[in-house]
Amino acid sequence: MTTSGSQRAMRDFSTDELQQSIGYLFRQPRLLDEALTHTSYANEAKDKAGKDNERLEFLGDAVLALIVSEYLAESFPDSPEGELSKLKARLVSETSLAHVARRLDLGSRLRIGRGEELTQGREKSSLLANTLEAVIAAIYLDGGLEPASAFVLRTFAQDLQDLREAEGPAGQQDYKTRLQEWCQRRFETLPQYVTVRESGPDHQKTFEVELMVQG
């Protein structure tokens, strides 16, 4: 077997394994190949017919935003738009996406150029996050929104559960923050807190506080 043939066989094996790992079998495997191809590899490859994953990354960002937005709107029906936006930003941040990509071991399957390889590109959070978005787009183009949504919700299951537990059933745990945001919108100022009474032992005091808003 030629060297190029060996590399192709290794890549196919890795791709097949990844499809099992993500729980989706591609009808068009070339889409997954494209999702795993960084621009540095495409630029260095002799076969110029290959594509990099930048366009898929662009699409995947939008698909992921839609899926996460729908999930949050349904899970936290009483939360205002501002709070939902904060939750979404937390879930789709580079740090969060890179963490999920590492769980899927996307770095070991990513095709990168020699320069990126020398600078530990497989471990870069930005590359991993972008690759995950590209994989989401590849699933979307291959099978539509339903399998893409199933993949996201399954892959982010632990992150979504942690979010629900932290925010409570209606996303209203942080009442102080919500009150301050309302005061800023309504009166363009922050509320003032004045302690009017203290009771209980030093190690377990109870405070009664009055809130005042100038406006």
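The values are calculated or read from the model by the stated rules, or taken from the named source; none is laboratory data. For clarity, every value in this text was computed on a predicted model and none was experimentally measured. Counting neighbours? That spans all protein chains shown, and the Cβs are built from the backbone with ideal geometry, glycine included.
Taking Arg103 as the residue in question, decide whether it is at pLDDT below 95 and over 15 Å from Leu91 (Cβ atoms). For Arg103, the condition - at pLDDT below 95 and over 15 Å from Leu91 (Cβ atoms) - is not met. Among the residues examined, Ala42 does not qualify as under 18 Å from the mean Cα position of the chain (by Cα) and assigned to a helix (DSSP H, G or I). Within the range 104-147, the set of residues being over 12 Å from Leu64 (Cα atoms) and among the hydroxyl-bearing types (Ser, Thr, Tyr) comprises Ser108, Thr119, Ser125, Ser126, Thr131.
I'd like the full set of residues that are outside any strand (DSSP E or B) and either exposed (fewer than 10 other Cβ atoms within 10 Å of the Cβ) or modelled with pLDDT of 75 or more (or both), limited to the range 186-199. Correct list: Glu188, Thr189, Pro191.
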